[in-house]
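Some notes on the structure that comes next.
The values are calculated or read from the model by the stated rules, or taken from the named source; none is laboratory data. These figures come from a predicted structure and were not determined experimentally. Cβ coordinates were reconstructed from backbone atoms using ideal geometry, including for glycine residues, and neighbour counts include every protein chain displayed. Accessible surface areas use protein heavy atoms only, side chains included; no ligands, DNA or RNA. Shrake-Rupley method; radii C 1.70, N 1.55, O 1.52, S 1.80 Å.
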Amino acid sequence: MTATRTALVSGANRGIGFEIVRQLARLGVLAVIGSRDPKDGLAAAEKLQSEGLDVPVVALDVDREGSAAEAVAEVKRLYGRLDVLVNNAAVLIDSPGGFKASLFDLTGDIARQTFETNLLGPLRLIQAAAPLMREQGYGRIVNVSSSAGQLAEMGRGYPAYRMSKTALNALTRIAAAELSEGNIKVNAMCPGWVRTEMGGANADRSPEQGADTAVWLATLPDEGPTGGFFRDRKPIAW
Ligand code: NAP
């Protein structure tokens, strides 16, 4: 990676996305916080500023048609390029019961909202970023997925979230195939169970640990993999 690489991370005002931005910025990447509410993004940027990391913020609500294209255009306006896209923003709104939640209690509203954010959000951002990456002949796209979306491990609980992450994995494979020319790599990763608002206080991993594989994929060398699914920097089953 050179110091001129730029990155856009969705949902980076808190949790794993915030930590991905911090780690990328420490590596010298011009990492941009994508934040649904720019005020939250600015508060996050101030925290990083106090660590000596200069990190800009763009408004990015992945649910809103047009927002992804506007955010990518703003990064292009600021830096002239976009090298890395991390699709991190997501919701986990299945209820009640979490891992006990039944498919038969799932409402259309919850399913639609979950797919809007967790699948269509990344799709919109990939569609917005890909033309720039093709033009540059360089791109790294990281989809923050989950073991909850692994067909190999599929079972009950969080049905909308699980299906949305399986679909995100399919998006990863399709985008990797379509973008295989021109040094653009598209990979999915699972951060493990991480102490964030989504993961809760009992999770066994810190946000630092959760961000590591995403940052590794975001900075892959040209001979690195594409179309894979990783945890702890190692391939895992789909
Ligand atoms: P989190 O603490 O709940 O943070 C979620 C982030 O996504 C927030 O910044 C939130 O913004 C943002 N977001 C939600 N909807 C959005 C939208 N429509 N537009 C833009 N941003 C939106 O979650 P996390 O634990 O850091 O999770 C990050 C990623 O890791 C997700 O993809 C999640 O599925 C995955 N993951 C997490 C775990 C875990 O144990 N934590 C495990 C496996 C996978 P607001 O602040 O505006 O709500």
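Points worth noting:
- Checked against the criterion of being within 15 Å of the ligand (Cβ to nearest atom), crowded, with 20+ Cβ neighbours inside 10 Å, in a loop (DSSP other than H, G, I, E, B) and not charged (D, E, K, R), the candidates T226, T172, T196 yield just one match: T196.
- Each residue in the stretch 133-162 was checked for being without any contact (Cβ under 8 Å) to a residue 60 or more places away in the chain, among the hydrophobic types (A, V, I, L, M, F, W, C) and not in a helix (DSSP H, G or I), and 2 pass.
- Yes/no for L85 being within 27 Å of G41 (Cβ to Cβ), within 16 Å of the ligand (Cβ to nearest atom) and either over 20 Å from the mean Cα position of the chain (by Cα) or open to solvent by 50 Å² or more (accessible area, probe 1.4 Å) (or both): no
- Conditions (1) open to solvent by less than 40 Å² (accessible area, probe 1.4 Å); (2) within 22 Å of T172 (Cβ to Cβ); number of the one not met by L53: (2)
- Index of the failed condition, G139 passing every other in (1) open to solvent by less than 30 Å² (accessible area, probe 1.4 Å); (2) away from the ligand (no atom under 13 Å from the Cβ); (3) within 21 Å of S35 (Cβ to Cβ): (3)
- Residue check, P221 at pLDDT 95 or above, more than 16 Å from the ligand (Cβ to nearest atom), farther than 16 Å from L119 by Cβ and in a loop (DSSP other than H, G, I, E, B): yes
- Set K47, K39: member being more than 7 Å from the ligand (Cβ to nearest atom), modelled with pLDDT of 95 or more and over 18 Å from E208 (Cα atoms): K39
- The condition of being without any contact (Cβ under 8 Å) to a residue 24 or more places away in the chain and within 18 Å of the chain's Cα centre (by Cα) holds for only one of E46, E19, E70, that being E70.
- Residues of the stretch 148-155 include none that is among the acidic types (D, E) and under 28 Å from D222 (Cβ atoms).
- Residues satisfying the stated conditions in the stretch 149-159, i.e. more than 12 Å from the ligand (Cβ to nearest atom) and in contact with a helix residue (DSSP H, G or I) (Cβ under 9 Å, 6 or more places away or on another chain): L151, E153, M154, G155, R156, G157, P159
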